[in-house]
Every structure is written in structure tokens, then in C-alpha cells.
Amino acid sequence: MITPEQIRGARAMLGLTQAELATLAGLSTTGLNNIERGLADPKASTLRAIQAALEAKSVVFLADGQTVDGGPGVRLK
């Protein structure tokens, strides 16, 4: 599953606001904010919706050790 840090990083790379990403993923802005701050325990389906919205914008999620050192990451295609 993607992490709050990956979500924030991907959103920042794309220059999206929380409101814009929330709309793309079908979430409330407050819900996304809580997920990004680690205050929510989102369902797997919610994380998949966020991931799909970001991947549609050419974000690639990298697992720990997958071409990055120090943990999970993100990059653009």
C-alpha cells in the first residue's frame, strides 16, 4: 500500500492541491488531509483510489528498495 509520504510527494510533484487530488480520487478534502497527516486509517479501496488518480497523472510508486534507498518513493514516468 502507498504511504502518506508518497501521497504528499506525488501530489507535490504534480503541483496538485489537496482539493484537486481529493476530487480526482472521489474523496473529501478533509479526508485526504487526514490521510496525508497520518491521522486516518483509510480502507484499502480508498488508498487504491488515490493511487489510481495519481498514476493516471503519470506517477509511479516505488516500493522500499525498488530503485531508491531509504524507503518507498515516487517518480514521474
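Computed values, structure above
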{"item": "Tally of residues being more than 16 Å from Lys77 (Cβ to Cβ), touching a Ser or Thr at 6+ places or on another chain (Cβ under 9 Å) and of a type in the set (A, V, I, L, M) across the stretch 1-20", "result": "1"}
{"item": "Any hit, the stretch 52-61, residues being touching a residue at least 12 places away in the same chain (Cβ under 8 Å), touching a strand residue (DSSP E or B) at 6+ places or on another chain (Cβ under 6 Å) and among the hydroxyl-bearing types (Ser, Thr, Tyr)", "result": "yes"}
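Here, each number is a calculation from the coordinates, and none is a lab measurement. Fair warning: this is a prediction, and the values are worked out from it, not measured in the lab. Virtual Cβ from ideal backbone geometry, glycine too; neighbours counted across all protein chains shown.
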